[in-house]
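All remarks here apply to the structure that follows.
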Amino acid sequence: MRSSRLMNQRWWWRQPPALSEPLYSWLTERQSLTDRLRSICEEFHVVVHQSRFDKVCPDETFLLVGDRHQRATALVREVSLVCDGRPLVFGHSILMTRKPGLLAQSFKRMGDRSLGSMLFANPDIWRGVLYFKRIDRRHVLYAKSVVALGEEPPPFFWARRSVFSLRSECVCVTEVFSSQLATARSFTL
């Protein structure tokens with residue numbers, strides 16, 4: 001059932017956009033985004049904006065529950081990934097689970113570590129398809145991205161989304177990219 005939801009989410013999120021390098025390579029990176037950012041930074045850290053139970057975005061509810069009109073509550077974690085003093089990625093992750101397991105326990109204990117450091121360290125965690133969207137003022141994550149990335153409001157941000165699964169647990173991870181990423185040193189690694 002979850003796979004049909006992934007396919008049906010295309011009406012909001014789509015397959016890779018037709019972009020020129022280097023942004024395309026960042027958006028389509030299948031390995032750890034944290035590791036890639038660390039490879040271009042002298043100093044990398046995570047700023048946690050929130051980690052609590054909260055309402056999730058309608059498109060996330062549709063993805064995980066199958067009903068875009070239902071307003072689900074989940075454990076929500078929002079962070080900025082900061083490279084050499086510049087926030088380059090806003091991460092918005094949700095965990096909806098009926099029976100807490102390893103992902104839920106790890107998610108609650110993350111502190112100021114990146115979620116990617118946990119997700120990519122466990123070979124049993126499976127990553128789903130990457131989907132993409134231009135986040136503009138109409139999307140609920142736009143205003144949060146402006147604040148988290150510390151930018152003047154641009155016309156839009158590029159974002160990507162995927163679901164990581166471990167047995168019956170799923171974490172939906174949305175990453176919103178700063179326009180400053182293109183000016184980060186060695187951004188084409």
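The values are calculated or read from the model by the stated rules, or taken from the named source; none is laboratory data. Just so it is clear, the structure is predicted and the values come from calculations on it, not from any experiment. For neighbour counting, all protein chains shown are included, and Cβ atoms are generated from backbone atoms with ideal geometry for every residue, glycine included. The accessibility values were calculated without ligands, DNA or RNA, using every heavy atom of the protein model including side chains. Shrake-Rupley method; radii C 1.70, N 1.55, O 1.52, S 1.80 Å.
The residues in the stretch 119-140 that are among the β-branched types (V, I, T) and in a loop (DSSP other than H, G, I, E, B) can be counted, and the count is 2. Kindly indicate whether any position in the stretch 90-97 is within 24 Å of Y24 (Cα to Cα) and out of contact with any helix residue (DSSP H, G or I) (no Cβ under 7 Å at 6 or more places or on another chain). No, every residue in the stretch 90-97 fails to be within 24 Å of Y24 (Cα to Cα) and out of contact with any helix residue (DSSP H, G or I) (no Cβ under 7 Å at 6 or more places or on another chain). Taking the numbered list (1) in contact (Cβ under 8 Å) with a residue 40 or more places away in the chain; (2) open to solvent by less than 30 Å² (accessible area, probe 1.4 Å) in turn, R113 passes all entries but (2).
Would you mind finding the one in V140, V129, V89 that is within 20 Å of V163 (Cβ to Cβ), buried (at least 21 other Cβ atoms within 10 Å of the Cβ) and hydrophobic (A, V, I, L, M, F, W, C)?
V89
Considering only residues that are open to solvent by 20 Å² or more (accessible area, probe 1.4 Å) and of a type in the set (G, A, S), look in the stretch 45-86 and name the one that is modelled with the highest pLDDT.
If we filter the stretch 45-86 for residues that are open to solvent by 20 Å² or more (accessible area, probe 1.4 Å), which is where we start, we get 45, 47-49, 51-55, 58, 62, 64-71, 73, 84-86.
Now drop any that are not of a type in the set (G, A, S), which leaves 51, 66, 85.
Values: S51: 90, G66: 63, G85: 94.
The residue in question is G85.
Residues in the stretch 95-108 include at least one that is under 13 Å from the mean Cα position of the chain (by Cα) and crowded, with 16+ Cβ neighbours inside 10 Å.
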